[in-house]
Structure formats: C-alpha cells, structure tokens
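Let me begin by presenting the structure, written as structure tokens, before commenting on it.
The values are calculated or read from the model by the stated rules, or taken from the named source; none is laboratory data. In this text, all values refer to a predicted model and were calculated from it rather than measured experimentally. No Cβ is skipped: glycine too gets one built from the backbone with ideal geometry, and neighbour counts run over all protein chains shown. Remember, those area values only see protein heavy atoms, side chains included, never the ligands or the DNA or RNA. Shrake-Rupley method; radii C 1.70, N 1.55, O 1.52, S 1.80 Å.
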Amino acid sequence: VIGVIKSAFNAFVRLFYPRVCAGCGGNLLSGEEHICLVCHQNLVPTQFNLRKENAFFKTMSARVPIEAATAMYYFTKGGIIQHILHEIKYKGNRALAVYLGQIFGKKNLKDDIFSTVDVVVPVPLHPKKEKSRGYNQCALIGSGIAEVMGKRLEIAALKRVNFTTTQTHKGRTDRWENVKDAFELGNTDALKGKHILLLDDVMTTGATLEACARTLMNIEGVRLSIATLVYTDEL
Ligand SMILES: [Zn+2]
C-alpha cells in the first residue's frame, strides 16, 4: 500500500515539477536521472583516469607536488557540459551536483591511484558568495564523491578569505594575482598525515587549485591529489 501511495505521490509531484534533462531540457524517461541518455553519450570523457601522466597531472605537478590528478569531462563551448555547469552554479540544481559527484566517484575515482585518499576537500566559496548562492556546488559534488568512495568530506579545512572578482576575463598572470592569497587553513586537526583529494568544479588555468594546494601543503605530513568535474585548456 505504501508503494502505491508513494508512486501516486511521485506522479502527482511530477505534474508540477516535470523531470527534465539538465543538458537538453527534454523530458526524462523513466530510469533516466538528471541527464538523458543522449546527453550522457554526448559528454566528452577526458579518460585521464587511464593515464597517471595525463595533461592535467603534468600541468599541476609542475607547480605543486601532487600524487595524481583527474577530471571527468572536457569543456565544450555551447555544449551540454556548459548547460550542466550553468544548472549547478546558477540555477540551484543541487541534486544534479550531488549526482555528478556520484558518477565521478564511480567512474574515475575507484582506481588504485585514488584508493589511498582519506578525505575529500572542496574548494570553498567566499562566505558572502555562498550566502547569496545558497550553497557551494563544489561541496555538493564532493558529497556525492565522498559517498560512493566511502570517504570523509571535509568542508571546514579551507577558508576563502578574499572576495575575488570574477576570473572569466582575466589572463593567467592576473588570475594568479587574484587568488594567490585567497585561501587560509580552517580546522585541520584531523588532516595531519592524510591523503587529501582537493576538488573543484572546473579546471581552467589551475590558479585556484594551485592556491588551495599550496595552502593545504602547510598541514603536516599531508599528501595531495586533485580532481575536477570539468577540464578545459581552451581559455
Ligand atoms: Zn538531454
């Protein structure tokens, strides 16, 4: 009886909140969640997880000592991934962010190289920005990852202390000036000697990741790996 009531309730809810794909806006079929099958197939996987010495790892390990780096999808301008990022950053689609984290964890982070990760640390937003947005999309992605990896999510490890302006139109040097002092350590008592997976939603120049990584390196005995949902080297 409860099952019948539940499915009737779900059908009722769907009348008012139709389930649509975050990529194309089309209706989702039963069995599809957040992103339709066609959009899933149009996303471009980086396959960085198949090679330790991937482009992302090479870029970042030249700047900070890291164990590994991976990203799930390539950014394509005007592509489905751009819609998806817009949904999680500006449209309040929290469930989508958690769902993407779960896929990321299952598909890319189950490999040996990430098996020694102890804790997932998302890049923080400035408190003012998080307040106006209502959430940190990166922490939501991180909760999905932590859940499927069976690891801890630590959102208090890093604090964003500078309210940085948007980085979209800045060059690489400006970006680094913009973020190099933007982060401080928060509560890190439980992170000594741990392997931290630093997580961001998008990798562009790597300036934000580098600033966060340099800050986290001040924790005694810590090891670092880096993961981002989306990777681009086009900007
Ligand atoms: Zn779709």
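Contact order, relative form, for the stretch 1-127: 19 percent (alpha carbon pairs under 8 Å, 6 or more residues apart, mean separation divided by residue count). Please list, or write none, the aspartates and glutamates whose alpha carbon is within less than 19 Å of the alpha carbon of residue 194, excluding same-chain residues fewer than 8 places away. Correct list for residue 194: 67, 111, 112, 118, 147, 154, 184, 210, 220. Restriction of the trypsin sites (Lys or Arg not before Pro) in the stretch 124-225 to DSSP coil positions whose beta-carbon has at most 16 other beta-carbons within 10 angstrom yields 180, 192.
Rounded to the nearest 0.05, the FRET efficiency derived from the C-beta distance between residue 133 and residue 53 at R0 = 30 Å is 0.25. Shape index of the chain: Rg/Rh, with Rg the Cα radius of gyration and Rh the Kirkwood radius from the inverse mean 1/r over Cα pairs, equals 0.99.
Taking a point 7 Å from the Cα of residue 89 along the Cα-to-Cβ direction, the residues of the stretch 96-111 with backbone N closer than 15 Å to it are 97.
If the limit is 29 Å between Cα atoms, which of 110/180; 52/77; 52/131; 129/151; 106/128 go over it? Violating the 29 Å Cα-Cα cut-off are 110/180; 52/131; 106/128.
Potential lengthening of the chain between residue 1 and residue 77 amounts to 22.5 nm, from the contour at 0.36 nm per residue minus the alpha-carbon distance.
Please report the carbon-and-sulfur percent of the accessible area for the stretch 1-102; probe 1.4 Å, protein heavy atoms only, DNA, RNA and ligands left out.
Here it works out to 59 percent.
Our summary of shape: the Cα atoms of the stretch 1-101 have principal axis extents of 58, 31, 24 Å, ordered from largest down, in whole angstrom. The mean sequence separation of alpha-carbon pairs under 8 Å and at least six residues apart, normalised by the residue count of the chain, gives a relative contact order of 20 percent. Rounded to 0.05, the FRET efficiency of the residue 218 and residue 30 pair, given R0 = 41 Å and the Cβ-Cβ distance, is 0.25.
What is the stretch 58-175 by shape, rounded, prolate or oblate, if you read a ≥ b ≥ c off the alpha carbon gyration tensor as root eigenvalues and call it rounded for a/c under 1.5, prolate for a/b larger than b/c, and oblate otherwise? Verdict is rounded for the stretch 58-175.
The simple Förster model, with R0 at 45 Å and r as the Cβ-Cβ distance, assigns residue 126 and residue 8 a FRET efficiency of 0.55. Inter-label distance, residue 159 to residue 42: 4.4 nm, where each label sits 7 Å from its Cα along the C-beta direction.
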